[in-house]
Amino acid sequence: MSGFTAIFKNDLKIIFKDLKALLMLLVLPVLAVLLVSSAMAPLLEHSKFIEPFKIVLVDNDKSPWTGLLASQLRNLDIVEKIIFADEEEARRLIENEEAAAAIIIPENLAESIDYWEPKSGKVLGSSVKYLESQLVKNVGFVGSDAVSSGIAALSVIYDMETEKGYRFEEAQEEINRAFEAFVNLVLDRKAVIREEEYDKRGIDPVVYYAMSLMSVFIMFSSIPCMKLLTDERRLGILSRLNAAPVPSFHTAASKLVLSLMISAAQFIVILIFIRIAGGREAVSSIGSMIPVFLTTSFAAAAFSIFVASISSTGSAADLIANLSILLMVVVGGSLYPLSSLPAICRRLSVLTISRWSSDGFLNAIYGEDIRPILTSSGILLAMALFYLICASLVLRTRRRRVEG
Amino acid sequence: MRSGSLIEVRGVNKKYRGRKALKDITFDVREGEVLGIIGPNGAGKTTLISLLATINRPESGSIHISGVDILKDPGKIRASLGYVPQENALYPMLTAYENLDFWAGIYGVDKKVKKEKIDFVLRLLRLEDRKDDKVRTFSGGMKKRLNIAASLLHDPGILIMDEPTAGVDILSRVTIADLILELKKSGRTIIITSHHVDDLEDICDRIIVLREGNLLYSGSPGEIMESTGCGDLEQLMLRLEEV
């Protein structure tokens, strides 16, 4: 044990030599949570990922029906404003990114519908505001489908009336009345689908992002220990320790413990911050968070030891670790919820520490079942063991390679 | 074990990156003897040192130190070995004293005598004035001396030194040579590799010559010169390099 104590005391001494870096590790997470949560709050609060936008309506028909269409568009949450313009102006507005898309209604649209031969309108999209354009296109298609269905229904009624011997004028009159009734019903629409808020837990953006980003902070907190290990190898200290009466795993074990201590300090600082920010309930879930915290710290420290084992210099280790963490943040859903990421990212996320850690922390606060927490913790533990085994294999191989 | 042999190396083979770095090496080191290992680059000197220091294991053969089979039980012998690696295994951001304090802790030096021991080795290597300075401010020679100091803290009976005088100034070279003679007088067994073969001529009782993993010659410096027909070890090294 004396060997471990000597290594640990020495590691502590070296880490504390750089007090500024340690302070940054404690203060930066709080700043990051503040910034990210305020920037991303709309995303969580409204369960939507696109801010309301402007669209252009090019109304070449100018009938009462197209006026009604405009009023319906105005009722949509995603539409901030409808700009009436001609097609040329619409193109200019889209080009200048002043509008996301334009709906172009052809001349005599209402009349063409009356004659059962509806003219086609079109949607002008923007490649810059692709998602918004897609939404407008879909709204246009849904509207068009509704009109087509209505026309089809009326057409069937007309055919049946003609078959039953109605005179053309009589049938036409009946159909016109039916058409008017149809339009009135559409306007007085009885909603077939209503919106219901899926998540009624009242997610606080500060609490959500503190928990979601916790794994990222923990991973960053293991970087100083990783750099120390890489430097020790480069300086030949590890090799010298191999000739000393100290089991070789003591060096890595010391870094693991130290990393855990730094993470614990970060964890406490973030919890205090959450409490001050009004997340009293979140802090009361600390019991459920502890297994996730411990396994995340273990996995992060093991990952950093693995990175140290494959890197030849401290700078290389730093670069690999930072890029890997960045990748995990993006793919693991720490910044953008996984549900809003492409399928490939969701599949890849299962390989990241951040995914399971964020899942675990969020379930600890918002969930009511212990099983998802245990699942996340179990997977993180397995990841930690995997990284440690890989690091140990790499270090053993390198140890055998001694210059001749 | 042969009578009087403290270290017994028998039929040792070791591969390094697919090629044989050591081929069937056999030799003995007697207690209190200073053994020099010389040879051109890639001869297998550092590989042999790493085996004796228990850092690596050979593919075949045996190594006994004080009767202990170090391949089976390396932990048993490590506390009595002092190892000076070729690179300066020191923390540049720590002071000389802090570095020695660390290595004293690693070798389990008693807390009561630790300070005394550290001050002693600092004096021995003429570094007492710089004990509170960070190692990063040291010259190459001073780092080498501190590197050696770290291996003496636990009074090892056997000292294994890999190129202790490589790339150092003349003052440090003389200090190190004096130290080795001092340690030899105190009865320590020393194994040393060096490119400065003229230093070894005066220090070593016996020398083994390696080339491409083979042990070519073994004997006192005088015997080696006689059997090779070289005037001194430097001439022998030149001949080996040319071959």
Open item on the list: What are the pairs with Cβ atoms under 6 angstrom where one residue, in the range A:265-294, is assigned by TED's automatic domain parsing to the domain that holds A:Leu380 and without any contact (Cβ under 8 Å) to a residue 12 or more places away in the chain and the other, located anywhere, is in a helix (DSSP H, G or I) and not hydroxyl-bearing (Ser, Thr, Tyr)? Sequence gap at least six, or different chains.
Closed with: A:Arg275/A:Val283
Open item on the list: Take the residues in the range B:83-103 that are more than 8 Å from chain A (Cβ to nearest Cβ) and in a strand (DSSP E or B); name whichever of them is farthest from B:Thr189 (Cα to Cα).
Closed with: B:Thr95
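Can you tell me how many residues in the range B:107-124 are surrounded by fewer than 22 Cβ atoms within 10 Å (Cβ to Cβ) and either at the interface with another protein chain (Cβ under 9 Å from one of its Cβ atoms) or touching a helix residue (DSSP H, G or I) at 6+ places or on another chain (Cβ under 6 Å) (or both)?
Step one: list which residues in the range B:107-124 are surrounded by fewer than 22 Cβ atoms within 10 Å (Cβ to Cβ), which gives B:108, B:110-117, B:119-120, B:122-124.
Checking the rest, the ones that are also either at the interface with another protein chain (Cβ under 9 Å from one of its Cβ atoms) or touching a helix residue (DSSP H, G or I) at 6+ places or on another chain (Cβ under 6 Å) (or both) come to B:108, B:114, B:122.
Result for the range B:107-124: 3.
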Open item on the list: Can you tell me which condition A:Ser312 does not meet? The list is (1) touching a residue at least 24 places away in the same chain (Cβ under 8 Å); (2) surrounded by fewer than 23 Cβ atoms within 10 Å (Cβ to Cβ); (3) over 23 Å from the mean Cα position of the chain (by Cα); (4) not in a loop (DSSP other than H, G, I, E, B), and all the others hold.
Closed with: (4)
Open item on the list: List the residue pairs whose Cβ atoms are under 8 Å apart, where the first residue sits in the range A:3-32 and is within 14 Å of another protein chain (Cβ to nearest Cβ), the second is of a type in the set (Ser, Thr, Tyr), and the two are 6 or more positions apart or on different chains.
Closed with: A:Phe4/A:Ser254; A:Ile7/A:Thr251; A:Ile7/A:Ser254; A:Phe8/A:Ser254; A:Asn10/B:Tyr91; A:Asp11/A:Ser254; A:Ile14/B:Tyr91
Task: Output for the range B:166-202, where each listed residue is touching a Leu at 6+ places or on another chain (Cβ under 9 Å), surrounded by fewer than 18 Cβ atoms within 10 Å (Cβ to Cβ) and in contact (Cβ under 8 Å) with a residue 40 or more places away in the chain - done: B:Glu182
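Could you please give the count of residues in the range B:139-155 that are in a loop (DSSP other than H, G, I, E, B) and either touching a residue at least 60 places away in the same chain (Cβ under 8 Å) or surrounded by 20 or more Cβ atoms within 10 Å (Cβ to Cβ) (or both)? Give the derivation first.
From the range B:139-155, those in a loop (DSSP other than H, G, I, E, B) are B:139, B:153-155; that's our starting set.
Going one step further and asking which of them are either touching a residue at least 60 places away in the same chain (Cβ under 8 Å) or surrounded by 20 or more Cβ atoms within 10 Å (Cβ to Cβ) (or both), we end up with B:153-154.
Counting residues in the range B:139-155 that are in a loop (DSSP other than H, G, I, E, B) and either touching a residue at least 60 places away in the same chain (Cβ under 8 Å) or surrounded by 20 or more Cβ atoms within 10 Å (Cβ to Cβ) (or both) gives 2.
If you go through the range B:63-82, how many residues are in contact (Cβ under 8 Å) with a residue 24 or more places away in the chain and either hydroxyl-bearing (Ser, Thr, Tyr) or within 8 Å of chain A (Cβ to nearest Cβ) (or both)? Steps first, answer last, please.
To start, the set of residues in the range B:63-82 that are in contact (Cβ under 8 Å) with a residue 24 or more places away in the chain comprises B:63-67, B:78-82.
From what's left, either hydroxyl-bearing (Ser, Thr, Tyr) or within 8 Å of chain A (Cβ to nearest Cβ) (or both): B:66, B:78-81.
Matching residues across the range B:63-82 total 5.
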Task: Selection within the range B:137-187 - within 19 Å of B:Ile118 (Cβ to Cβ) and among the basic types (Lys, Arg) - done: B:Lys143, B:Lys144, B:Arg145
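Do you know which residues across the range B:183-193 are part of a helix (DSSP H, G or I) and under 15 Å from the mean Cα position of the chain (by Cα)? Reasoning before the result, please.
From the range B:183-193, those part of a helix (DSSP H, G or I) are B:183-185; that's our starting set.
Listed by number, the residues that qualify are B:Leu183, B:Lys184.
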Task: Criterion violated by B:Ser60 - all others in (1) crowded, with 23+ Cβ neighbours inside 10 Å; (2) more than 9 Å from every other protein chain (Cβ to nearest Cβ); (3) small (Gly, Ala, Ser) satisfied - done: (1)
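Checking the condition in a loop (DSSP other than H, G, I, E, B) and either crowded, with 16+ Cβ neighbours inside 10 Å or more than 30 Å from the chain's Cα centre (by Cα) (or both), which residue from A:Pro245, A:Pro291 passes?
Working: A:Pro291 fails: in a loop (DSSP other than H, G, I, E, B).
None of the others qualify; the one that does is A:Pro245.
The values are calculated or read from the model by the stated rules, or taken from the named source; none is laboratory data. In this text, all values refer to a predicted model and were calculated from it rather than measured experimentally. A quick note on method: Cβ atoms are made from the backbone with ideal geometry, for glycine too, and the neighbour counts reach across all protein chains shown.
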